[in-house]
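All remarks here apply to the structure that follows.
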Amino acid sequence: MAMEFLFSANKTFSLNYFCEKYDAAKSSVSEDLFHLNTTFKQNGLGEIISNAGATGGAYFIPKITTEKTQEFLTDLKGKLQAKERVLPGGYLYYSDLIFDPKITNMLGLIFASKYAEKKVDYCLTMETKGIPIAMATANYLNAEVVVARREAKVTEGPVVTINYVTGSTRRIQTMSITKKAIKPGKRILIIDDFMKAGGAAKGLVELVKEFSCSLAGIGVVIDSQNPENKMVNDYFSLLKLKSVNELTGEVDIIY
């Protein structure tokens, strides 16, 4: 029962469904739901909302606590500030963190908590580092994952392709999504690992429009403080990268 709620956010389960599945009385199922909801809340995972009515029912909303979010981000910030992560050119290495299942799962829960009430149908990301985060987020939101590619693949059939301008280098690049991936009229949440100037995010927003869908939001793990003016508005970031000093190895990150 717990697993069905955790990975089926916003999906209503009737009491009759659980009664038939577990051969239990409604009173027993109701009591189990009460204890399960208490456990979810105590562990900072979310809550079960019960519907009134003849048949009854309940659905799950992921909702991590502020305390758990701050604790996790403080730990992640500490990992990112390790001097050995600074690469030549002032870049920051964090691929190992993005592909760590425990970290990715928490990132997904935080984003899912933020957008739980947006009724998200798809989590859209750009290849490749954004994929595990989008997968984790979609898992909690009971949504599908769609990946935009820089180069279309023959095996995916007809695609929708747009040109976009990168915010940092001002170069024109392309991104594509197969036509079969998204149905019109759906709500799409954009998820990515990093945002510098927002060029890729703006391109993804344009793709959302091409599919006649609405934007539920934009969530990124890290955004760069510079440039201050991004090419997209109303995005939600967990950490802000202020500077990377290649000489001293100091990484300044805030949240």
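Nothing in this text is a laboratory measurement; each read-out follows from the coordinates by a stated rule. The model shown is predicted, which means the values in this text are computed figures rather than measured ones. Using ideal geometry, Cβ is built from the backbone for each residue, glycine included, and neighbour counts are taken over all protein chains shown.
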Tabulated pairs, segment 79-99, first in contact (Cβ under 8 Å) with a residue 24 or more places away in the chain, second in a helix (DSSP H, G or I) and hydroxyl-bearing (Ser, Thr, Tyr), C-beta under 8 angstrom, 6+ apart or interchain = ILE98/THR104
Among the residues of segment 111-129, is there at least one that is under 13 Å from the mean Cα position of the chain (by Cα), farther than 18 Å from ARG187 by Cβ and free of Cβ contacts under 8 Å to residues at least 40 places away in the same chain?
-> no
What number of residues within segment 195-240 satisfy the criterion of being part of a strand (DSSP E or B) and surrounded by fewer than 19 Cβ atoms within 10 Å (Cβ to Cβ)?
-> 8
Residue count, segment 1-60 (criterion: β-branched (Val, Ile, Thr) and within 16 Å of ALA116 (Cα to Cα)) | 3
Selection count where residues are under 30 Å from the mean Cα position of the chain (by Cα), more than 17 Å from MET106 (Cα to Cα) and not aromatic (Phe, Trp, Tyr), scope segment 16-52 = 11
Selection status of SER8, of a type in the set (S, T, N, Q), surrounded by fewer than 17 Cβ atoms within 10 Å (Cβ to Cβ) and part of a helix (DSSP H, G or I) | no
Over segment 146-174, the set of residues within 21 Å of PRO227 (Cβ to Cβ), surrounded by 14 or more Cβ atoms within 10 Å (Cβ to Cβ) and not small (Gly, Ala, Ser) is TYR164, VAL165, THR166, GLN173
State whether the residues of segment 32-46 include one that is among the β-branched types (Val, Ile, Thr), surrounded by 18 or more Cβ atoms within 10 Å (Cβ to Cβ) and under 22 Å from ASN142 (Cα atoms).
-> no
